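Here is the structure we will look at, set down as structure tokens.
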Amino acid sequence: MAKALKANVLYTGRPGRVLRNVYIVWEDDKIISVSREKPRGVEEVFEYDEAVVTPAFIDAHSHIGMDRAGEPYTEGEANEKYDSILPVVDALYSIYMDDKSFRESIEWGVLYSCVLPGSGNIIGGRAVAIRNYGRDIEEAFIKYVGVKAALGYNPRSTTEWKGTRPYTRMGAVGLLRKWLVKARDMLKLVEEGKKALEEIEPEIRMLFPIVKGEDVLRVHVHKIDDIAGLIMLKKEFKLRVTIEHACDVHTREGFEKIKRENIPLVYGPVDAFAYKTELKHEYWRNIRYLVEVRPFFGLMSDHPVVLQRNLYLQLRFFVRFGMSKDEAISLITYNNARILGLDDRLGTIEEGKWASFTVWSGDPFNLESYPLLVVGEGRILHEEKT
């Protein structure tokens, strides 16, 4: 039986499209209509005094469930340490859904996460999109969304870990190039019938989708020189990549370069402490250049670096520098859904999409506002009792 919600203000997730005094109607897990007419024949209509509705928030880069709240940091599982090239590692299997951070995220409307391995390795493993409200990892799983890689300081800071390790940035690029060349050359032998697929070691086989341009390499980079290096590798191997972080980019020209290359950017985390040299230019005012240039980008929490429940608070800087509220909301809804390849089901409130949204007590950009009702795929996940 269908249910409905009256939205006094609806941020649909699409920039420039804010609706007023409409009803969202859903049945099971799907939205079946958004209309100004009060629906008939529905099981229940949720109405509030001043309901402001947003799509479910999506965190495009996090380690939630891997580094867990209330547990010793030594039990964290964001980085595997047995080698520096780990395409066979899968983040899903180090997520614990009983991490209490999931509960807090749900209470603040963050219902979906891209969980990636950390950046201590050059290739850290597969990234996965999950439901924050899954009871276990099988129920939480949505889809794989690329392979984590890292350039810059982090992979050269782990020389005490096992395997072949770089001591310099050029060493990290050299190791990445070596494995990309191996995968490219071995793929050619397989395609020419000179090698059987079963003869190829799993690490190489797992890189075939990367060198074929079928899978995305999600690359940790902060400094513009590392980003330029990534762009050169992208061109050399015809890779599909995303830039993850870019917090040290501090000029308009840096963001213009990213925009020219048409590379999606997952920016952030905003409000994190600049704890290393490659973040010496990190500054919240750099966001002005990002807003002015507008490469295609979304936002991350990098949880636990910034708590995922506070993801939406980053939006205040983008509004400060001239972005409209509806476009700011799209950074953690529509844009993140597109970057993760989830926009066929998430990111906007419209017919056919998953019924996943949050009802706020007022404008979510006001500090007084908080979620009254959180719905995920048609299920009530949280209801604030006043």
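Only one of these is touching a helix residue (DSSP H, G or I) at 6+ places or on another chain (Cβ under 7 Å), free of Cβ contacts under 8 Å to residues at least 12 places away in the same chain and not small (G, A, S): L217, L197, L207, L189. Name it. Full working, then the answer.
On the way: L217 fails: free of Cβ contacts under 8 Å to residues at least 12 places away in the same chain; L207 fails: free of Cβ contacts under 8 Å to residues at least 12 places away in the same chain; L189 fails: touching a helix residue (DSSP H, G or I) at 6+ places or on another chain (Cβ under 7 Å).
Criteria check complete, one pass: L197.
Within region 34-54, track down each residue that is in a strand (DSSP E or B) and buried (at least 17 other Cβ atoms within 10 Å of the Cβ).
Within region 34-54, V34, F46, V52, V53, T54 meet the criteria.
Could you please find all residues in region 343-380 being aliphatic (A, V, I, L, M), within 17 Å of L311 (Cβ to Cβ) and surrounded by fewer than 21 Cβ atoms within 10 Å (Cβ to Cβ)? Working first, answer last.
Looking only at region 343-380, we keep the residues that are aliphatic (A, V, I, L, M), and these are 346, 349, 355, 359, 367, 372-375, 380.
Retained after the next criterion (residues that are within 17 Å of L311 (Cβ to Cβ)): 346, 367, 374.
If the condition is that a residue be aliphatic (A, V, I, L, M), within 17 Å of L311 (Cβ to Cβ) and surrounded by fewer than 21 Cβ atoms within 10 Å (Cβ to Cβ), then L367 is the only one that fits.
Considered as a group, the residues in region 166-185 that are part of a loop (DSSP other than H, G, I, E, B) and within 12 Å of S84 (Cβ to Cβ) include one that is nearest to the chain's Cα centre (by Cα), and that residue is P166. Going residue by residue through region 95-117, is there one that turns out to be of a type in the set (S, T, N, Q), more than 30 Å from T358 (Cβ to Cβ) and assigned to a helix (DSSP H, G or I)? No, the conditions are met nowhere in region 95-117. Just to be sure, is G163 closer than 21 Å to N79 by Cβ and either in a loop (DSSP other than H, G, I, E, B) or touching a residue at least 40 places away in the same chain (Cβ under 8 Å) (or both)? So G163 fits the description; yes. Of the residues in region 144-151, not one is part of a loop (DSSP other than H, G, I, E, B), touching a residue at least 24 places away in the same chain (Cβ under 8 Å) and of a type in the set (D, E, K, R).
Residues in region 280-302 that are assigned to a helix (DSSP H, G or I) and closer than 29 Å to G341 by Cβ: N286, I287, Y289, L290, V291, E292, V293. Checking the structure you have, find out if any residue of region 276-299 is of a type outside the set (D, E, K, R), assigned by TED's automatic domain parsing to the domain that holds V115 and in contact with a Ser or Thr (Cβ under 7 Å, 6 or more places away or on another chain). Within region 276-299, one or more residues are of a type outside the set (D, E, K, R), assigned by TED's automatic domain parsing to the domain that holds V115 and in contact with a Ser or Thr (Cβ under 7 Å, 6 or more places away or on another chain).
Looking across I32, I85, one residue alone is assigned by TED's automatic domain parsing to the domain that holds Y370, more than 25 Å from L299 (Cα to Cα), of a type in the set (A, V, I, L, M, F, W, C) and modelled with pLDDT of 95 or more. It is I32. Of the residues in region 189-209, at least one is over 30 Å from L299 (Cβ atoms), crowded, with 17+ Cβ neighbours inside 10 Å, modelled with pLDDT of 95 or more and among the aromatic types (F, W, Y). Checking each residue in region 66-85 for being in contact (Cβ under 8 Å) with a residue 60 or more places away in the chain and either of a type in the set (A, V, I, L, M, F, W, C) or crowded, with 21+ Cβ neighbours inside 10 Å (or both) picks out D67, A69, N79, S84, I85. Selection of region 244-289 for residues being among the aliphatic types (A, V, I, L, M), free of Cβ contacts under 8 Å to residues at least 40 places away in the same chain and under 23 Å from R309 (Cα atoms) yields A246, L265, A272, A274, I287. Polar (S, T, N, Q) and surrounded by fewer than 22 Cβ atoms within 10 Å (Cβ to Cβ) - does that describe any residue in region 130-143? No: zero hits.
The values are calculated or read from the model by the stated rules, or taken from the named source; none is laboratory data. Since the model is a prediction, treat every value here as computed from it, not as a measurement. For neighbour counting, all protein chains shown are included, and Cβ atoms are generated from backbone atoms with ideal geometry for every residue, glycine included.
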